[in-house]
1. For the condition among the charged types (D, E, K, R) and either away from the ligand (no atom under 15 Å from the Cβ) or at pLDDT below 95 (or both), what is the one hit in 100, 136, 130, 124?
2. Scan the stretch 69-94 and report the pairs whose first residue is within 15 Å of residue 131 (Cβ to Cβ) and whose second residue is more than 14 Å from the ligand (Cβ to nearest atom) and in a loop (DSSP other than H, G, I, E, B), with Cβ atoms within less than 6 Å and a gap of 6+ or a chain change.
3. Identify all residues within the stretch 170-201 that are within 21 Å of residue 134 (Cα to Cα) and outside any strand (DSSP E or B); write none if there are none.
4. Only one residue in 63, 33, 71 is touching a strand residue (DSSP E or B) at 6+ places or on another chain (Cβ under 6 Å) and surrounded by 15 or more Cβ atoms within 10 Å (Cβ to Cβ). Which one?
5. Would you check if there is a residue in the stretch 28-40 being of a type in the set (Asp, Glu), in contact with a helix residue (DSSP H, G or I) (Cβ under 6 Å, 6 or more places away or on another chain), in contact (Cβ under 8 Å) with a residue 40 or more places away in the chain and within 9 Å of the ligand (Cβ to nearest atom)?
6. Looking at (1) of a type outside the set (A, V, I, L, M, F, W, C); (2) within 23 Å of residue 86 (Cβ to Cβ); (3) surrounded by fewer than 19 Cβ atoms within 10 Å (Cβ to Cβ), find the lone condition where residue 146 falls short.
7. Are any residues in the stretch 102-121 surrounded by fewer than 19 Cβ atoms within 10 Å (Cβ to Cβ) and assigned to a loop (DSSP other than H, G, I, E, B), and if so, which ones?
8. Restricting attention to the stretch 122-169, which residues are assigned to a loop (DSSP other than H, G, I, E, B), touching a Ser or Thr at 6+ places or on another chain (Cβ under 7 Å) and among the small types (Gly, Ala, Ser)?
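The values are calculated or read from the model by the stated rules, or taken from the named source; none is laboratory data. Keep in mind that what you see is a predicted model, and the values were worked out from it rather than measured. Cβ sites come from the backbone with ideal geometry, for glycine too, and all protein chains shown count toward neighbours.
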Amino acid sequence: MDQLETSYENVDGYSISRKVKKRMRDEGFFEETEGLTYGEVRIDEFAALLHESITSFAPNAKTFADIGSGTGKAVFAAAIAMNSKLESFIGVEIVEELHDTAVRVLDDLKGSNAIKGIEFHFGDSFEIEDKWVHADVIFAPTTCFTDDLMSRLEQALEKLAPGTLVITTTRKLKCKRAEKLLARRCKYAKGSLEFMVWKIN
Ligand SMILES: C[S@@+](CC[C@H](N)C(=O)[O-])C[C@H]1O[C@@H](n2cnc3c(N)ncnc32)[C@H](O)[C@@H]1O
């Protein structure tokens, strides 16, 4: 955990995201920046929520995926909290600069025992669903998802196996297969957010 905090010392995902959004707006892309609003988990809080959720509701889970992984903090939190249970930790991020940062942190931590089975993919999660729909635990940081992203998420949920856990922030799932198991306000990197854990039936 200390080594991870050190690797993130000079990483500011908020500032990277702000610069990318400004550049896109300067180039005339406005709507495209709507779903890109940035925020980060607190590694300790997210690790604790994940540990409790997986232990209670998905004890046989093997794969975790974050479908808007930013600089990768939730993926590393999962790897640290669950490295003796889960085998694979996947992050998908649409902003190349954020994805590159996650890959740099991963390179930095290569050799650490806690950091095994991590992969980051650059792209739109809903165009490369094959990278994550098979996961047993999926984190969808939905607070700033647009309605369009929410409906693409709802469509993707239809492809998930029964028993898959989905964790959302702020926004609820409408899918009839999704049953809410837990809702909790957790500290976020800035402020706090409501996290909800859903099981796909
Ligand atoms: C609120 S941030 C969460 C970052 C990280 N999951 C965390 O909690 O620390 C949401 C991220 O989702 C990314 N994002 C938005 N739409 C996406 C899409 N269609 N595919 C992949 N990433 C997306 C944004 O660029 C942003 O980095």
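1. Answer to the check: 136.
2. Here the result reads 88/117; 89/117, each pair linking the stretch 69-94 to a residue that is more than 14 Å from the ligand (Cβ to nearest atom) and in a loop (DSSP other than H, G, I, E, B).
3. Across the stretch 170-201, the qualifying residues are 173, 174, 175, 176, 177, 201.
4. Answer to the selection: 63.
5. Checked the stretch 28-40: at least one residue is of a type in the set (Asp, Glu), in contact with a helix residue (DSSP H, G or I) (Cβ under 6 Å, 6 or more places away or on another chain), in contact (Cβ under 8 Å) with a residue 40 or more places away in the chain and within 9 Å of the ligand (Cβ to nearest atom).
6. (2)
7. 110, 111, 112, 113, 114, 116, 117
8. 135, the sole residue that qualifies.
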